[in-house]
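What follows is a short report on a single structure.
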Amino acid sequence: AKSDGRRTYRFFESGMDARAKARRSLELELRQAIADGGFELHYQPLLHLEAGGVSCCEALLRWRHPERGTISPADFIPVAEDTGLINDLGRWVLDTACCEAVNWPEHVHIAVNVSPIQFKSETLALHVAAALAASGLSPSRLELEITEAVLIRDDEAALDVLHQLRALGVRIALDDFGTGYSSLSYLQRFPFDKIKIDRTFIKDLAGTGASSTIVQAVVNIAAASDMTTTAEGVETEQQRSMLRVLGCTEMQGYLFSRPIPAVEIRKLLSSHRER
Ligand code: C2E
Ligand code: CA
Ligand code: CA
Ligand code: CA
């Protein structure tokens with residue numbers, strides 16, 4: 001079977017050549033950037049809809065490429081996942097985000113995205129514990145954002161890791177809710193602390209579609225199971241007021257702030273503090 005595979009590969013090689021080469025060079029550049037510190041975290045605030053203050057900031061990865069400028073995570077995370085580099089990169093994100101958050105007011109949480117690939121490594125909980133210990137951050141201030149992909153294959157091992165993380169005292173948020181193979185059964189399989197409602201539903205909130213009904217249903221289910229809700233991608237004042245009416249807990253989006261560098265988020269948090 002192996003030699004057949006090789007023959008098949010050769011057969012397609014000419015057509016795949018350019019794409020495979022581009023990918024290979026991206027992989028090498030990623031490796032180099034991990035070694036050289038070519039990455040930066042930006043932070044985007046989440047606001048409590050009732051109280052109005054910043055309750056959390058999400059760390060979002062940026063690659064400062066020497067020639068191509070800043071590269072968006074959507075363009076390199078998939079390659080980092082395919083090559084396993086996401087494990088090293090994800091560990092750097094965890095360490096950096098926890099160290100940054102200790103500079104913030106104590107009530108402000110830090111949210112970190114965790115790739116499904118990181119869940120396949122047995123060391124995730126160890127790395128989270130190490131990041132907490134090294135930074136001195138209180139575990140209850142760390143929120144890990146995971147997607148449904150983690151739970152899709154009824155993966156006992158992934159559930160195990162989730163319970164290990166919960167045992168450390170960190171919070172778990174379900175990211176991009178409503179996209180993909182989303183199903184309410186995921187909410188039963190694991191008790192999340194927070195549901196992040198995907199931007200697609202927020203975009204159409206004021207429209208004629210079913211979005212507001214869906215958001216209302218998610219908010220109700222969350223409240224019944226002691227989970228909070230965050231609306232992603234809030235861009236207009238109208239969306240904000242709708243979300244308040246619907247009883248959503250938090251909002252995140254360009255309306256209040258884009259993701260910004262660490263220095264700027266510190267300024268934003270200190271000027272916001274007195275409110
Ligand atoms: P996400 O976790 O769903 O992050 C939210 C994305 O929406 C961010 O894109 C953010 O900049 C963008 N966004 C926030 N507010 C608005 C808005 O009002 N309007 C619009 N149009 N967009 C908004 P970004 O930073 O490009 O990140 C894209 C994705 O890359 C993230 O989606 C996440 O899945 C992934 N990602 C980013 N950083 C990391 C990381 O450190 N680790 C992992 N595993 N994935 C990451
Ligand atoms: Ca996220
Ligand atoms: Ca999201
Ligand atoms: Ca997303």
Rounded to 5, the percent of DSSP beta bridges in the chain classed as antiparallel = 45
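Quote the FRET efficiency, to the nearest 0.05, computed for E67 versus L184 with a Förster distance R0 of 30 Å and r equal to the Cβ-Cβ distance.
0.05
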Positive-pole candidate from G136, L184, L174, dipole of region 109-198, charges at beta carbon = G136
Pairing the Cα long axis of helix 156-168 with the longest principal axis of the chain, what angle in degrees results, from 0 to 90 and rounded to the nearest 10?
-> 50
Looking only at GluC sites (Glu not before Pro) in DSSP loops with at most 11 other Cβ atoms within 10 Å, what is the longest site-free stretch of the chain?
-> 123-273
Computed over region 15-163, the Cα gyration tensor eigenvalues, each multiplied by 5 and square-rooted, give semi-axes in Å (largest first) of 28, 20, 15
Which residue, P78, P66, P45, tops the fluctuation ranking in a GNM of the chain built on C-alpha contacts under 10 Å?
-> P66
What is the magnitude of the charge dipole of the chain about its Cα centre, with +1 placed on the Cβ of each Lys and Arg, -1 on the Cβ of each Asp and Glu, and no other charges, expressed in debye to the nearest 20?
-> 420
Remind me, relative contact order of region 103-169 in percent, using alpha carbon pairs under 8 angstrom and six or more residues apart?
-> 45
Built amide H within the under 5 Å cut-off of N113, gap 5+ | A59, E145
Against the longest alpha carbon principal axis of the chain, how many degrees, from 0 to 90 and to the nearest 10, is the axis of helix 2-36 turned?
-> 50
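May I ask you to derive the relative contact order of region 142-228, considering only C-alpha pairs under 8 Å and at least 6 residues apart, and to give it as an integer percent? Present the calculation step by step, with values, prior to reporting the outcome.
Working: 90 pairs, mean separation 23.0, N = 87.
RCO, region 142-228: 26 percent.
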Contact order relative to length of region 25-104, as percent, for alpha carbon pairs under 8 angstrom and 6 or more apart | 26
Quick one: helix 124-135 against the long Cα principal axis of the chain, what's the angle to the nearest 10°, folded into 0 to 90?
-> 60
Computed on Cα atoms only, the convex hull of the chain has an orientation-averaged projected area in nm² of 17.2
Label region 59-143 by shape, choosing from rounded, prolate and oblate, from the square roots a ≥ b ≥ c of the eigenvalues of the Cα gyration tensor; if a/c is under 1.5 it is rounded, and otherwise prolate applies when a/b is larger than b/c, oblate when it is not.
-> oblate
Taking every pair of alpha-carbon atoms in region 188-269, what share in percent sits in each 5 Å bin, from 0 to the bin with the longest distance?
-> 3, 15, 25, 21, 16, 11, 7, 2, 0
In whole Hz, the Karplus estimates of ³J(HN,Hα) for region 93-106 (6.51, -1.76, 1.60; θ = phi - 60°; x where Gly or Pro) are 4, 4, 4, 5, 5, 5, 5, 5, 5, 5, 7, 8, x, 4
To the nearest 20 debye, what is the magnitude of the charge dipole of region 168-275 about its Cα centre, counting +1 on the Cβ of each Lys and Arg and -1 on the Cβ of each Asp and Glu?
-> 280
Estimated distance in nm for a label pair at T200 and R266, the labels positioned 7 Å out from Cα along Cα-to-Cβ | 4.0
Report the one residue of H65, Q238, H107 whose Cα lies farthest in the direction of the positive end of the charge dipole of the chain (charges on C-beta: Lys and Arg +1, Asp and Glu -1; origin at the Cα centre).
-> H65
What longest range of the chain stays clear of loop-exposed chymotrypsin sites (Phe, Trp or Tyr not before Pro) (DSSP non-H/G/I/E/B, at most 14 other C-beta within 10 angstrom)?
-> 1-180
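Read-outs throughout are calculated quantities, based only on the coordinates presented, and are distinct from any laboratory measurement. Since the structure is predicted, the reported quantities are computational estimates derived from the model, not experimental observations. Heads up, the Cβs are rebuilt from the backbone with ideal geometry, glycines too, and the neighbour counts pull from every protein chain shown.
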